[in-house]
Amino acid sequence: MLQYFVPQLVRVRRFVQNGQIAESVGGGLNCFLRAMNIQLRHTYQEIIGLENLFGAWEEFRLGKRDKPDVQVFSRHLLDNIVSFHSDLANLGYQHGGYKAFAINDPKPRNIHKASVRDRLLHHAIYRILYPFFDRTFIADSFSCRINKGTLKAIERFQTFGRQISRNNTHTCWVLKCDIRKFFANINHEVLLRVLSKYIPDQNILWLLKNVIDSFETKPGIGLPLGNLTSQLFVNVYMNEFDQFVKQKLKWKQYIRYADDFVFLSDDKAALAEILTPVDEYLTEKLKLQLHPDKVFIKTLASGVGFLGWVHFQTHRVLRTTARRRMMARIIERGTPETVQSYLGLLQHGNTRKLEQEVRNAEWLWYNDNN
């Protein structure tokens, strides 16, 4: 056994030193990594240190310099940050409340905006915790991660589709799932228990609890849409499920983007069979529920909606709702910047006819406004 683990340990050190746990590592090494119980080595002092707070400020203020609340905070920036550091160092910090407002993206969503001081802290936390936790995530988790995103996710979906269908010569089945009211149902106790597995510093856990408990949809439940930390926390939360899929279900063709996830297979019965353990794990371990109207199994050839596109074996097209929203936006404000943004999006699908419709709508908007 020792002869097996020594070379594996060398590989572990190499991957960790390079700042990543590569998807290419073998099954035995993955087991060894889990047994290592990798933990955060950064301290509370590093998060609240003046260097990190000023670095967080530089990142936070990008694109926000004209905002009145940001301008007010920046007028006495040095005093504000030093005072903030003192509150944090004395464990006297208490997260403030939120201002709520609604957006349509595309469905109505309630966004909750914290104060500048609190958002500065979110950035300070994120700068330290994201690089660490990102190394623990699976390769096929794509939401709110550097060098990931929707485009990478749909390309991965296409790759899996080709693999399963053996270059479109066999039937590929897709199990598509969605979680009901995802952010609103994150359980604080479960989240903090997951975080504590990785974070030994009790002061960091105190700080994270302060941020997490600053918002509730009901007692002990819910994270705010709008916090930078919420993006990280939901990935840490759902990484538990991702690891269950990989280690227990041992499913290779699986992709998750936030609360949307898919399983691909050439065996419809196998997909139907895993639905029960998937539902049980989410319900019992993470206190989440699948959306009953958004769970289905269908063939890729019939078209599967995922991340704004309808995917087929040989191509993908923009979903009807996304198309309508795009055209309405161009008719309302068909500036060159808006049009070029949409044309860039359309390059990733089979949309030649739709591209012409976009250009026609741009021409009509231009003539109406000039």
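Each value in this text was obtained by applying a stated rule to the coordinates, not by laboratory testing. Remember, predicted model here, so these are calculated numbers, not experimental data. Virtual Cβ from ideal backbone geometry, glycine too; neighbours counted across all protein chains shown.
Here are a few things to note about the model shown:
- Contour excess over end-to-end distance, with Cα ends at His170 and Glu51 and 0.36 nm allotted per residue: 37.2 nm
- A simple charge model with +1 on the Cβ of Lys and Arg, -1 on the Cβ of Asp and Glu and nothing else charged puts the dipole of the range 98-232 at about 280 debye relative to its Cα centre.
- Positive minus negative residues near Gln313 (Lys, Arg vs Asp, Glu; Cβ under 13 Å): +3
- Rg/Rh ratio calculated on Cα atoms of the range 195-303 (Kirkwood radius): 1.03
- Extension gain for the segment Glu273 to Lys248, taken as residue separation times 0.36 nm less the Cα-Cα distance, is 7.6 nm to one decimal.
- Most to least packed among 55-67, 172-184, 215-227 [average Cβ atoms within 10 Å]: 172-184, 215-227, 55-67
- Linear extension gain, Gln202 paired with Ser83, 0.36 nm per residue minus alpha-carbon span: 40.6 nm
- Modelled spin labels at Asp66 and Ile111, positioned 7 Å past Cα toward Cβ, are 1.6 nm from each other.
- Residue-count net charge about Cys177 - beta-carbon cut-off 11 Å; Lys, Arg +1, Asp, Glu -1: 0
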